[in-house]
1. Restricting to segment 238-248, count the residues that are in contact with a Gly (Cβ under 7 Å, 6 or more places away or on another chain) and either acidic (Asp, Glu) or not in a helix (DSSP H, G or I) (or both).
2. In segment 138-194, which residue that is assigned to a strand (DSSP E or B), aliphatic (A, V, I, L, M) and closer than 21 Å to residue 225 by Cβ is most open to solvent (accessible area, probe 1.4 Å)?
3. Scan segment 313-334 residue by residue and report those that are buried (at least 16 other Cβ atoms within 10 Å of the Cβ) and acidic (Asp, Glu).
4. List every residue pair whose Cβ atoms sit under 6 Å apart, with the two residues 6 or more apart in sequence or on different chains, where the first one lies in segment 241-255 and is free of Cβ contacts under 8 Å to residues at least 40 places away in the same chain and assigned by TED's automatic domain parsing to the domain that holds residue 218 and the second, anywhere, is among the aliphatic types (A, V, I, L, M) and near the ligand (Cβ under 10 Å from one of its atoms).
5. Quick one: in segment 244-267, of everything that is more than 11 Å from the ligand (Cβ to nearest atom) and within 29 Å of the chain's Cα centre (by Cα), which residue is nearest to residue 313 (Cα to Cα)?
6. Could you go through segment 190-206 and let me know if any residue there is closer than 18 Å to residue 304 by Cβ and touching a strand residue (DSSP E or B) at 6+ places or on another chain (Cβ under 9 Å).
7. For segment 36-84, how many residues are acidic (Asp, Glu), within 27 Å of residue 364 (Cβ to Cβ) and in a strand (DSSP E or B)?
8. Anything in segment 101-126 that is open to solvent by 10 Å² or more (accessible area, probe 1.4 Å) and part of a helix (DSSP H, G or I)? List them, or say none.
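The values are calculated or read from the model by the stated rules, or taken from the named source; none is laboratory data. All values derive from a computational prediction rather than experimental measurement. Here the Cβ positions follow ideal geometry from the backbone for every residue, glycine too, while neighbour counts run over all protein chains shown. All accessible areas refer to the heavy atoms of the entire protein, side chains included, with ligands and DNA or RNA removed. Shrake-Rupley method; radii C 1.70, N 1.55, O 1.52, S 1.80 Å.
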Amino acid sequence: MKLKGDQTTARAMNRRLILNLLRREGPRSRADIATVIGLSPAAVTFVVADLLEEGIVTEGKAVPGPAGRRPIPVEINYEHSLALGFKLMVDSVECVATDLATNPVAAMRVGLEGHDPHYVADLLAGTVPALVKLAGRPKAKLAGIGISMPGVINHEQTACVRSHRFRWDNVPLASLVAARVHVPVWLEDDTNAYAIAQQLFGLGRQHRNMAVLAVGVGISCALVIDGKLYRGANGAAGKFGHTLFEEGGRLCECGKRGCLMAYHSELSMLRRWRETTGREDLGLPELRTALASGDATALTLVGDSGRGIGTALANLVNITDPEVIVAGGEAVSLGDAFLTPLREALTARTFRTAPPLLPDWEDNSWARGAAALVTQKIFDFESSGGVTDIATLGVRGSTSAA
Ligand SMILES: [Zn+2]
């Protein structure tokens, strides 16, 4: 029946509006919610009753209001569920359990000894019970698992279409893990997942248009446009590191020559530093130390990379016009030696005033990004349910489907 369908859709949209208002603004009374969103008080009461019953929101203490009224604030119960996040790197997995505000409550790291998809799925599934136990919240439900990795991910967020670093083509990793743990699992490109976390509860919380710049093993971008992550036609948007830096130049992991990341990713900076100094033992900590002590070679090399990225980033800014740029990844730890030349090059090349570049210094933002794939669904009207008791989880994680 049409009427019923309309009501269901309207209720789902109201639910999304209310949850997102509470996420952005914190506790609000029902009357406030109705005023801010422009809904009738009855509609708000109706949806809030649903959310209270599900336990996703709770009522706070009544506060004295105008004319002797004491409105009761409604707030999100961020401890309602746990979200698990796995950030896949080439040789290890960063694992985190978070509440629904992506605050970590448990974290661990496990080694990755190979890239066979079934081995990886077994490893992740096997880690779930330990991570849940470490979180120590027996009353919380497990809302799901988010996995992030470098690569092109399909729109359904189930399969890795292509990952150069893992040498994967069409690997349905989310499905492989879901078959082992029986909770919803989502897969996403690691920079996209990171951007979602920044948008929900991080530096991009108040912005509808933002860019994320990630400089680590590779270089990539994620774009949030009008409040939505832009994934492109094939899930391949944001492969900023593969834009051209030098025609016919250094070989990149993608097989082409002269890509930006073949010169200026953190990995490439270290490679060039080792080439220049002839010392194979140099790593990121040594580079930080060299910068701190004013080493001219290190300063020049890192400054060149900052400028190279800043110039390329200005092109991106001129096309997409973001309000802010959040910068993350290992290279951020190089500090002003990297960020100042980057900002200068950005400012020199942008059509309008360059947007602020906000470095993210948090340690575990990337694993939180993976967990945010789960929490995002809580605030999205398109999906609901998908919550399973932890008790039903058992130790199914180690079954092999190879
Ligand atoms: Zn490339």
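1. Total satisfying the criteria: 5.
2. Within segment 138-194, the match that is most open to solvent (accessible area, probe 1.4 Å) is 152.
3. Selection gives 330 alone.
4. Note: pairs meeting the criteria are 241/219; 241/260; 241/261; 250/262; 252/262.
5. Per the criteria, the residue is 264.
6. Scanning segment 190-206 turns up no residue that is closer than 18 Å to residue 304 by Cβ and touching a strand residue (DSSP E or B) at 6+ places or on another chain (Cβ under 9 Å).
7. Count: 1.
8. Matches in segment 101-126: 117, 118, 119, 122, 123, 126.
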